[in-house]
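Okay, so here's the structure we're looking at.
The values are calculated or read from the model by the stated rules, or taken from the named source; none is laboratory data. Treat the numbers as computed from the prediction; the structure is a model and nothing was measured. Glycine also receives a Cβ, built like all others from the backbone with ideal geometry; neighbour counts cover every protein chain displayed. Just so you know, the surface numbers come from the protein's heavy atoms only, side chains and all, with ligands and any DNA or RNA stripped out. Shrake-Rupley method; radii C 1.70, N 1.55, O 1.52, S 1.80 Å.
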Amino acid sequence: MNKRILFNLIYTSVFSAIMVSCNTSENFDTKSRATGVDYNKDGGFRVPTNFQEQETPVGTVPVEGGTFTMGRVQDDVMHDWNNTPNQQHVQSFYLDETEVTNLMYLEYLEWTKRFFPPTNPDYRNIYYGALPDTLVWRNRLGFNEVMTNNYLRHPAYRNYPVVGVSWIQAVEFSNWRTERVNEQLLTKNGFLSEDAAITAEVGTQFNTATLENAPSELYGGDEGKWGGRESERRLKEIEGDSTGRLNRYPQRNSGQIPPKYRLPTEVEWEYAALGLKEIRNYNIYRGRKKYPWKGQYTRSGRKNKFGDQLANFKQASGDYGGIAGWSDDGADITAEIKSYPPNDYGLYDMAGNVAEWVADVYRPVVDDDFNDFNYYRGNVYMKNAIASDGSVTVLGTNEVVYDTLSNGKIIARTLPGEIRQVPIDENETYLRPNFSESDNRNYRDGDKQSSRYYEAFEEIQGNPTKAMYNSPNHSVTANDDGTLKREYDKSTKRKTLIDDAVRVYKGGSWKDRAYWLDPAQRRYFPQDMATDYIGFRNAVSRVGGKFTTVKRPTN
């Protein structure tokens, strides 16, 4: 046997044994390192003893974090100057293996229709606000009615990426997915009864925040839902506990509640799309990448797939798929997921097929001078509404908050069973060096210090022609009879479409030329509007340390 191979085997075995030993000692402490008192004894401090490692969330793959060059590495032929190279560090996270599909979204719609039936006037706009816009396929000089009528619901398109979904709808889907996964996990682990999810009353729903802050009010206060084996075991244990320190309900410190599904940040998406593992050599990157795959071309160089396109994109004017036959890329509109090879992280369609929403508010400049760690623009800090007696406010069936978007569509911003949220106030911000207000979307961008004008900030805000982002201000209001009054901003003094309600989308689509397949490219679109070429996928944060893998150099 080659000495180097033998050494690697021995090294791997020893290192793995050490890692297992370390993980075991850290995860199974039975005695306090601070006081020497035994944990989990009668009347003592209670800690979980069975938490091993964060499980990979359903549908996702792990992406090990690290440092990389975010931004343009090729010539900027569009002269956008909005993706200047800058170095960023990303924490490890999980990302959906594929884009969210029509079938996944239909599951969301079916659940919404069941628990908030649109036949009930109180819930009508919850369901209709979640519906994708199927009219995005229409073209005034094109016949696309087959997609308008079939793309979302016909079984032939079930594994195609969902489109016609706004950024706001993508966020609401992510929230729904979080609750369903957590509900299923607690059922599997014996906390909830087997039929809890399907027998819940209409207008009630599982909510993680309510579980943590007011568990007795979950499912509208139906205690019968807590009928799992673990819940019953805990209940018996509590009955014999005179100190009252035991809890029947799982909390965050139990390890039973994983982080939420969400949209990836722009820096996470770009890092994952690049798949830099293939050009890593020890502790350096061998050059920079233009595409999620290896090389500078869009066709495969592999012997058995030589010449095949590696993504679904528009190849030229009037050429959405190539000439029928050998040179065709297999799609003219979107393609079925996993139709093209994944990148080195195992992620499919990080270039082409559909572009994807990310979490960030768009600004032309990524402010890496202020932050180069988990960069994200869009933080709006909220907190639970606390009553005078210290309790939280769980929303009832008649307390749904709706929002009328700029295009007139009505969506639900809250759902029954959730905890009322309010902006943070001085109690959280006073003398705090790291943040001073709830809404941070404009931080260091559009405020007095970063404006090219030197008048008082109030004067700038009062003069729209001097505002940094002087975007159109369309408005939709409801008349007394319930009809909508739409006012389209016709001002000729507007200088930009950028405001706090436009979000970044990344990656090329079936409708884009190869230029946009570069993960560094960035564009923006109103968060309450949808198209036939933007979809999304979800991310989940990694808790704890980086992934415990043995590091080996790439040869």
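You will find that of Glu145, Glu172, the residue that is within 24 Å of the chain's Cα centre (by Cα) and at pLDDT 95 or above is Glu172 and no other. Every test in (1) over 24 Å from the mean Cα position of the chain (by Cα); (2) closer than 22 Å to Leu415 by Cα; (3) of a type in the set (S, T, N, Q); (4) modelled with pLDDT of 90 or more is passed by Ser193 save one, and that test is (2).
Looking at Arg444, Arg452, Arg432, which one is assigned to a loop (DSSP other than H, G, I, E, B) and modelled with pLDDT of 85 or more?
On the way: Arg444 fails: modelled with pLDDT of 85 or more; Arg452 fails: modelled with pLDDT of 85 or more.
Exactly one residue qualifies, and that residue is Arg432.
Within the option set Tyr94, Tyr105, Tyr127, Tyr123, being surrounded by 13 or more Cβ atoms within 10 Å (Cβ to Cβ), over 21 Å from Ala351 (Cα atoms) and out of contact with any helix residue (DSSP H, G or I) (no Cβ under 7 Å at 6 or more places or on another chain) holds for one residue only, Tyr123. If only residues of segment 511-526 that are of a type outside the set (A, V, I, L, M) and over 22 Å from the mean Cα position of the chain (by Cα) are counted, the one that is nearest to Lys409 (Cα to Cα) is Lys511. Look at (1) basic (Lys, Arg); (2) at pLDDT 95 or above; (3) open to solvent by 40 Å² or more (accessible area, probe 1.4 Å) and you find that Arg177 fails only one, number (3).
Of all residues in segment 502-531, those being open to solvent by less than 10 Å² (accessible area, probe 1.4 Å) and of a type in the set (Gly, Ala, Ser) number 4. Consider segment 217-232 and keep the residues that are within 29 Å of the chain's Cα centre (by Cα) and open to solvent by 40 Å² or more (accessible area, probe 1.4 Å). The one that is farthest from Arg248 (Cα to Cα) is Gly220. I need every pair where a residue in segment 493-521 that is more than 22 Å from Gly378 (Cβ to Cβ) has its Cβ under 9 Å from the Cβ of a residue that is assigned to a strand (DSSP E or B) and open to solvent by 30 Å² or more (accessible area, probe 1.4 Å), sequence separation at least 6 or different chains. Pairs found: Arg513/Ala316; Trp516/Arg523.
Being touching a Lys or Arg at 6+ places or on another chain (Cβ under 8 Å) and either of a type outside the set (Gly, Ala, Ser) or within 30 Å of Ala335 (Cβ to Cβ) (or both) is true for just one of Thr204, Thr178. Which residue is that? First the steps, then the outcome.
Numbers: Thr204 fails: touching a Lys or Arg at 6+ places or on another chain (Cβ under 8 Å).
Every option except Thr178 fails the conditions.
Here is the figure for segment 30-54: residues that are in a loop (DSSP other than H, G, I, E, B) and either touching a helix residue (DSSP H, G or I) at 6+ places or on another chain (Cβ under 7 Å) or open to solvent by 50 Å² or more (accessible area, probe 1.4 Å) (or both) total 17.
Look at (1) open to solvent by 70 Å² or more (accessible area, probe 1.4 Å); (2) in a loop (DSSP other than H, G, I, E, B); (3) of a type outside the set (Gly, Ala, Ser) and you find that Asn82 fails only one, number (1). Only residues that are open to solvent by 70 Å² or more (accessible area, probe 1.4 Å) and either at pLDDT 90 or above or part of a loop (DSSP other than H, G, I, E, B) (or both) were counted across segment 248-291, and they come to 5. From the list Asn144, Asn83, the one residue that fits, being more than 30 Å from Val401 (Cβ to Cβ) and in contact with a strand residue (DSSP E or B) (Cβ under 9 Å, 6 or more places away or on another chain), is Asn83.
Check whether at least one residue in segment 157-170 is β-branched (Val, Ile, Thr) and open to solvent by 30 Å² or more (accessible area, probe 1.4 Å), and report yes or no. Checked against the condition, which is being β-branched (Val, Ile, Thr) and open to solvent by 30 Å² or more (accessible area, probe 1.4 Å), segment 157-170 yields no hits at all.
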